[in-house]
Amino acid sequence: MKLTVLVENHAGAGFGAEHGLSYLIEVGEDTLLFDTGHSDLFLRNAQLLDIDLKSEIDTIVLSHGHWDHGDGLRYLEKKRLITHPATFMARYRKGDHSCVGLELSKSEIENRFNLVTSEGPYYITPSILFLGEIPRLNDFESKTTSFIDHNNKEDFIPDDSGLAIIVDNQLVIISGCAHSGICNMIDYAVEETGVRKIKAVVGGFHLKDQSLQLKKTIACLKEKRISMLFPSHCTELPALAAFYAEFKIKQLKSGMVLNF
């Protein structure tokens, strides 16, 4: 399995960066795009790597309906798009009521893509599972939110999802933001695939500061004996420092290539 970082908050040498996330994922003969960032940067960085995304991918997975993960969809069309049905809801920040949802409406997306929505797990290939809605079962994740919906009710991002990829009888778990909780996501991936050994977890962990949630997350991840951790994007500096102290992580940057 090969993962190419097309968009991240931090730039590799010669590549652009933005607040967003986009990964190109190759598993055997299968290739898909996981998230698109919020501009056409994912396409421009791909070109620097001699990758023509428009011709090389047929499937896009959108982890959830936030602008920094899905507004790049404006620059693609005529692909299969897999996501949760709640991805298209209107959503806002609590503080200033600014919009954080997708620029394209559901009807516009249906006209541009072959849209597949799934609340439950959905096998894209026999070894690549879109997890669907993540059960929030532990006592320390997804307990607060900084977002509201169009009814001014708290939005806990029910559409937040990720991928579980089976590689040599081990799991590689890919998260966009993990609003549902990265440990909740890992537990659900293990439950749904039946694969207990976790090779790597890559993506946003949505951890901001030295909180009790961070401490419990680190304890959870240590217990699971995960071989490789790559927290990125919405994982901010205090949390990254704590992960480095415990796991000696590497910072993900646009242009990086990971092989599993």
Can you give the accessible area per residue of the stretch 41-183, in Å², using a 1.4 Å probe?
43 Å²
By average Cβ neighbour count within 10 Å, what is the ranking of 149-157, 177-185 from highest down?
177-185, 149-157
Cysteines without a disulfide-compatible partner [the chain; Cβ-Cβ under 4.7 Å]
Cys99, Cys177, Cys234
If you compute Cα extents along the principal axes in Å for the structure shown, which of (i) 44, 44, 37; (ii) 67, 37, 33; (iii) 62, 40, 33 do you land on?
(i)
Could the peptides 120-127, 31-38 be put in order, highest first, of the mean number of other beta-carbon atoms found within 10 Å of their residues?
31-38, 120-127
To the nearest 10 square angstrom, how much accessible area does Leu24 have with a 1.4 angstrom probe?
0 Å²
Please name whichever of Ser118, Phe88, Ser98 sits farthest to the positive end of the charge dipole of the stretch 1-152, dipole taken about the Cα centre and charges placed at Cβ: Lys and Arg +1, Asp and Glu -1.
Ser98
Charges at C-beta only: +1 for Lys and Arg, -1 for Asp and Glu. How large is the resulting dipole of the stretch 134-260 about its Cα centre, in Debye rounded to 20?
620 debye
With a ≥ b ≥ c taken as the square roots of the eigenvalues of the C-alpha gyration tensor of the stretch 1-111, please select rounded if a/c is under 1.5 and otherwise prolate if a/b is larger than b/c or oblate if it is not?
oblate
Probe 1.4 Å, all protein chains present, accessible-area order of Glu77, Glu26, Glu191, largest first:
Glu191, Glu77, Glu26
Roughly how far apart, in whole Å, are the Cα centres of the stretch 102-158 and the stretch 210-260?
23 Å
Here is the link list: Lys222/Lys250; Lys224/Lys248; Lys2/Lys222; Lys94/Lys224. Which ones come out longer than 28 Å on Cα distance?
Lys94/Lys224
Note down the magnitude of the dipole of the stretch 50-95 about its Cα centre, charges +1 on Lys and Arg C-beta and -1 on Asp and Glu C-beta and zero elsewhere, to the nearest 20 debye.
400 debye
Given Cβ point charges of +1 (Lys, Arg) and -1 (Asp, Glu) and nothing else, what value in debye, to the nearest 20, does the dipole of the chain about its Cα centre take?
680 debye
Tyr188 accessible area, assembled protein chains, probe 1.4 Å, Å²
30 Å²
I'd like the carbon and sulfur percentage of the solvent accessible area for the chain, probe radius 1.4 Å, heavy atoms only, ligands and nucleic acids excluded.
46 percent
Asserting the computed 222 nm helical MRE of the chain (DSSP H runs at least 4 long, -39500 (n - 2.57) per run, divided by residue count, to nearest 500) equals -6000 deg cm²/dmol
Calculate the spin-label point distance for Ser227 paired with His19, positioning each point 7 Å from the Cα along the beta-carbon direction, and give it in nanometres.
3.5 nm
Two pseudo-spin positions, 7 Å from Cα along C-beta at Glu110 and at Gln251, lie apart in nanometres by 4.4 nm
Order Lys199, Lys224, most accessible first, counting only protein heavy atoms with a 1.4 angstrom probe.
Lys224, Lys199
Length-normalised contact order of the chain in % [C-alpha pairs under 8 Å, at least 6 apart]:
19 percent
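The values are calculated or read from the model by the stated rules, or taken from the named source; none is laboratory data. Just so it is clear, the model here is predicted, and its values are computed rather than measured. Don't worry about glycine lacking a Cβ; one is built from the backbone with ideal geometry, like all the others, and counts go over all protein chains shown. Accessible surface areas use protein heavy atoms only, side chains included; no ligands, DNA or RNA. Shrake-Rupley method; radii C 1.70, N 1.55, O 1.52, S 1.80 Å.
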